[in-house]
Structures are given as structure tokens and as C-alpha cells.
Amino acid sequence: MTAAWLVGLDVDGTIILQDETMSPGVPEAVARVRDAGHFVTIATGRSWMATERWLDALEITPEFVVCSNGAVTMRRVGEAWERWHVETFDPTAVLALLTERLPEAHYMVELATGQRLFTGELDDWTLNGGRMVELDELGAEPVSRVVVVSPGHSEDDFHRLVADAGLNEVSYAIGWTAWLDIAPQGVDKGTALERVYAELGMRGPNVFVAGDGRNDLGMFSWALGIGGRAVAMGQAVDEVKDAAGEVTADVEVGGLALALDTLVDHPAVPQVGTRQ
């Protein structure tokens, strides 16, 4: 028997396909890992509003869920959820830089309360409970993230923009649908998962994370740094694959399921200090 693992899974391009259907075999593989006694959770760039339904779809009930690229960690309290840890920053300077270069882009900010303020509707965004505002209202108070979508611009365009704008005082990631997601400095999925790992009282290297994007680099680095496993999806860019300890098959053919099945050869036993 083996000790329990903390399993942190990205959503887009890892658990699900671009049309938001499940990657082949993933629900079944997650169930096997869960039933083997491991702690399975989600670590995503999505807001909590766009994340919760995937817990139901996967039939998991983790105590903690990492959202907004690590800026928000949710905690389950009975049947309810609370915003357990939230990181924020002043977005004024970043918004000024971006809007000067991309005045026609769509912008969204997420407040510490979870409310979203946005300047334009997009199909990619889950905006239930959000509020459309004028551009100058976006920076009125601290935020946990800034999201920029500019139809017609590619991922390469965003990379050039980041370099030209000198976005070195906040953390940023570029999603698989080519949007720019900006978080507080030093905050990423890895910093959030590290906090969860400590709160669960876990010890040792039993950490497994999987993802496909540049916003997964932080959790790859943290997992590998403690001797854990970091798995990149097969369709990831070379930068992401090079940062991972392992590469699995593409999301379209169930790469995550293949990787997860390597954890279920033996059931887990709780580590000293962990909560089940």
C-alpha cells in the first residue's frame, strides 16, 4: 500500500476538450484515483463560477479547489464553499499599459469577492452575476486577476505585447484560447497548491499535477521541487513539455486518463497528519 497523493488537475486542455466535453476516459480514471484514497482536486485558471460544475462532473468532493491561476482557493465547509484564501493587486498600472496597446480588446477583472466586472461579452466567459462597466471602472479597487481577450490576436501577439509592455510586476499566463490572464506577483497554481498541501498536513513527495499551458509552469516547478510528478499533455507547447517531468498523450485521446492510471496500482493509506 502507498501513501495518499495530492492530485491537482488543470481543466482546459487537460480534463476537457475545447468544446467542453470530457477527454476520453477521464471521469473513470479520476474515479479510480479517488477510490484508491488519493486527494483529487482542480487547479485551474478559471474563476470559481466556471469551475464548480466540473467537480460535479468528475464526482469529486475535495476540501480545497484552486481557481483563478492560484489567486483564489476555495474551501468546502459542509455542503457550502468559502473563499478561503484570496490574493489581490492594484490593476491600475497594468490596465493602463494594456488599454493603450489594445484599446479594442475585451477586459474582465475579478474582485476579491468573486464578482466579475467586464467591458464586453464573450462566449468564452462565464459571467453569471457579473456586471458590465466602463473601462475606467475596472481599476477602482484591488482585483485577483485581469483577463484580456482580443479577437484576432494570436498567442504570439500576446507574447510580444507582454515583452513590449514590460509586464514584470505581475504574474501572467496565456491560455489555450489565446487570452492573457494576469495575477498578483508571485502567485500561481503552485503557490496555491503548496498552501493546500500544508493545510492538509501532507508530507513527502506524493504530489501529482497535470496541465497543458504556461499557467501550469508554477505548479510543475513546485511539484518537481518536492520530488513529485508533473505531467504535461501531449499537445502542450515545447516550453511546457520541457518544464514537466513527464509527457502523456494529447487531450483528444485521453492523455490524462493514461497518466492517472499510473497512480492506482495500489490503494493509498493516509500519511501521518493528513485528513481524509
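The values are calculated or read from the model by the stated rules, or taken from the named source; none is laboratory data. Please read these numbers as outputs of a predicted model, since none were measured by experiment. Note that each Cβ is placed from the backbone with ideal geometry, even for glycine, and that neighbours are counted across all protein chains shown.
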Any residue in segment 91-117 that is more than 18 Å from GLY130 (Cα to Cα) sitting within a Cβ distance under 9 Å of a residue that is among the aromatic types (Phe, Trp, Tyr) and at pLDDT 90 or above? List the pairs, counting only those 6 or more apart or interchain.
LEU95/TYR107; LEU98/TYR107; THR99/TYR107
Log entry, pairs with first residue in segment 189-214 being under 30 Å from LEU17 (Cβ atoms), second being in a helix (DSSP H, G or I) and of a type in the set (Phe, Trp, Tyr), beta carbons closer than 6 Å, six or more apart or on different chains, reads GLY190/TRP222; GLU194/TRP222
Counting only helices (runs of 4 or more DSSP H) entirely within segment 170-258, those with at least 2 residues that are within 14 Å of the chain's Cα centre (by Cα) and within 30 Å of ALA105 (Cβ to Cβ) are 189-199, 217-225
Run SER47 past the list (1) crowded, with 23+ Cβ neighbours inside 10 Å; (2) within 15 Å of GLY8 (Cα to Cα) and report the number of the one that doesn't hold.
(2)
Restricting to segment 155-167, name every residue that is at pLDDT 80 or above and either assigned by TED's automatic domain parsing to the domain that holds GLU239 or farther than 23 Å from THR92 by Cα (or both).
ASP156
Looking at THR14, THR51, which is the one that is in contact with an Asp or Glu (Cβ under 9 Å, 6 or more places away or on another chain), closer than 24 Å to GLU110 by Cβ, touching a residue at least 24 places away in the same chain (Cβ under 8 Å) and of a type in the set (S, T, N, Q)?
THR14
Within 20 Å of LYS189 (Cα to Cα), within 16 Å of the chain's Cα centre (by Cα) and outside the structural domain of ALA165 (by TED's automatic domain parsing): does that describe ARG76?
no
Might you let me know whether segment 151-166 holds any residue that is assigned to a strand (DSSP E or B), surrounded by 13 or more Cβ atoms within 10 Å (Cβ to Cβ) and of a type outside the set (D, E, K, R)?
no
Can you pull out the residues in segment 229-257 that are free of Cβ contacts under 8 Å to residues at least 24 places away in the same chain and surrounded by fewer than 23 Cβ atoms within 10 Å (Cβ to Cβ)?
ARG229, GLY234, VAL237, ASP238, LYS241, ASP242, GLU246, VAL247, ALA249, ASP250
